[in-house]
Amino acid sequence: MDRTSSSESPTRLVYTQSFEPMPGDAVATVTFEERDGTTALVSHELYPSKEALDAALGSGMEEGMREAFEQLEELVALLRGPIFPNAEGTR
């Protein structure tokens, strides 16, 4: 279950995540940062203990997140094509 804690649209999102049987909630912070004319998505997760972090890593979460970000990258490239024809992202 995820719960949004705060949002600074469109640049920052903070939310908590809880997964069974992981102990405690993780706090995730996602920011969108401009870097050399492009937007970088930066995600940080803070776990309440080493045990919670180890449980998350042992669950396959790291591979799942990697796959999710690869899918997101593919979607952005697909949307950029006809909508944003040049690298600057302008119409």
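Quick note: the coordinates plus some simple rules give every number you see, no bench work behind them. All of these numbers come straight from a predicted model, not from anything done at the bench. With ideal geometry, Cβ positions are generated from the backbone for all residues, glycine too; neighbour counts draw on all protein chains shown.
Once phi is turned into θ = phi - 60°, what whole-Hz ³J(HN,Hα) does the Karplus curve with 6.51, -1.76 and 1.60 give for every residue of segment 55-61, x standing for Gly and Pro?
5, 5, 5, x, 7, x, 4
Given Cα positions, please report Rg to Rh for segment 3-82, the hydrodynamic radius being the Kirkwood one.
Rg/Rh for segment 3-82 comes to 1.03.
Using label points projected 7 Å from each Cα along Cα→Cβ, tell me how many nm separate L72 and E8, to one decimal.
In this crude spin-label approximation the distance works out to 1.8 nm.
For T16 and T31, calculate 0.36 nm times their separation in residues minus their Cα-Cα distance, and state this gained length in nm to one decimal.
Roughly 3.9 nm would be gained on extension.
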